[in-house]
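Written out below as structure tokens is the structure these notes cover.
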Amino acid sequence: MPFFPQMTAPLGVSMEDLTETRDYANFDPYWYVKHYVAPDEAVIGMQTDLDHLHKIGGKRLLDIGTGPTIHNVISASRHLDEIFLSDYAPQNLEYLQKWLKKDISEPTKIMDYVISLEGCKMTAEQRENEIREKVRGILPIVVTS
Ligand SMILES: C[S@@+](CC[C@H](N)C(=O)[O-])C[C@H]1O[C@@H](n2cnc3c(N)ncnc32)[C@H](O)[C@@H]1O
């Protein structure tokens with residue numbers, strides 16, 4: 001992760017004082033999105049990633065460790081037919097399922113930034129729905145070395 005520290009905390013426990021961890025069993029997707037994805041200034045830190053991701057293309061994409069945010073596949077979705085999201089933490093898979101069912105939205109600022117890179121005229125909601133239509137699966141995948 002180039003920009004975001006890998007922070008987690010036990011579910012229901014304040015994560016303010018925690019630092020880097022690999023304890024993803026306790027990854028709290030709601031906390032992560034609230035603090036690292038939803039704030040308006042988050043898009044500034046994501047710009048380098050989003051600018052590079054803007055160049056990705058292909059037919060089918062499997063995103064590993066999607067977490068509770070689909071920002072890594074927004075650009076690619078325009079050039080792909082099928083997208084698979086994945087994570088090993090059940091709470092992130094559940095979060096992504098809620099996103100797929102439209103119970104949760106990706107922060108608008110991030111969607112708008114990618115739309116502006118493409119020079120498109122569409123709303124964040126339209127684009128998000130376009131991505132949802134291409135999602136073929138939300139998979140429990142564990143990557144081990
Ligand atoms: C810091 S989050 C990144 C989330 C999102 N992709 C992003 O760029 O903001 C890392 C994600 O990878 C997942 N993860 C960590 N280790 C993993 C492993 N060994 N196999 C699969 N997923 C893993 C975590 O559950 C977490 O959602």
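Just one of the numbered conditions (1) loosely packed, with under 15 Cβ neighbours inside 10 Å; (2) in contact with a helix residue (DSSP H, G or I) (Cβ under 9 Å, 6 or more places away or on another chain) is not true of Val33; which one?
(1)
Name the single residue, out of those in region 105-131 being more than 22 Å from Tyr36 (Cα to Cα) and assigned to a helix (DSSP H, G or I), that is modelled with the lowest pLDDT. Even if it seems obvious, please write down each step before you answer.
From region 105-131, those more than 22 Å from Tyr36 (Cα to Cα) are 118-123, 126, 129-130; that's our starting set.
Those still in the list that are assigned to a helix (DSSP H, G or I) too: 118, 126, 129-130.
Working: Glu118: 88, Gln126: 96, Asn129: 97, Glu130: 95.
Of everything passing the filter in region 105-131, Glu118 is modelled with the lowest pLDDT.
In region 103-142, which residues are of a type in the set (Lys, Arg) and either in contact (Cβ under 8 Å) with a residue 40 or more places away in the chain or within 26 Å of Glu41 (Cβ to Cβ) (or both)?
The answer is Lys109, Lys121, Arg127, Lys134, Arg136.
When both residues are 6+ apart or on different chains and their Cβ atoms are under 6 Å apart, which pairs have a first residue that lies in region 27-42 and is under 18 Å from Gly65 (Cα atoms), and a second that is within 8 Å of the ligand (Cβ to nearest atom) and at pLDDT 85 or above?
Phe27/Ala89; Pro29/Pro68; Pro29/Asn92; Tyr32/Pro68; Val33/Pro68; Val37/Thr69
When you go through (1) free of Cβ contacts under 8 Å to residues at least 40 places away in the same chain; (2) more than 10 Å from the ligand (Cβ to nearest atom); (3) over 19 Å from Leu50 (Cα atoms) one by one for Asp81, which number turns out not to apply?
Every listed condition holds for Asp81 apart from (1).
Which condition breaks for Lys102 when tested against (1) at pLDDT 95 or above; (2) away from the ligand (no atom under 12 Å from the Cβ); (3) on the phi < 0 side of the Ramachandran plot; (4) more than 14 Å from the chain's Cα centre (by Cα)?
Tallying (1) at pLDDT 95 or above; (2) away from the ligand (no atom under 12 Å from the Cβ); (3) on the phi < 0 side of the Ramachandran plot; (4) more than 14 Å from the chain's Cα centre (by Cα), Lys102 fails exactly one: (3).
Taking region 43-71 on its own, how many of its residues are free of Cβ contacts under 8 Å to residues at least 60 places away in the same chain, assigned to a loop (DSSP other than H, G, I, E, B) and either over 12 Å from the mean Cα position of the chain (by Cα) or more than 24 Å from Glu82 (Cα to Cα) (or both)?
5
The values are calculated or read from the model by the stated rules, or taken from the named source; none is laboratory data. Just so we're clear, the structure is a prediction, and the values are computed from it rather than from any experiment. Backbone-built Cβ (ideal geometry, glycine too); neighbour counts: all protein chains shown.
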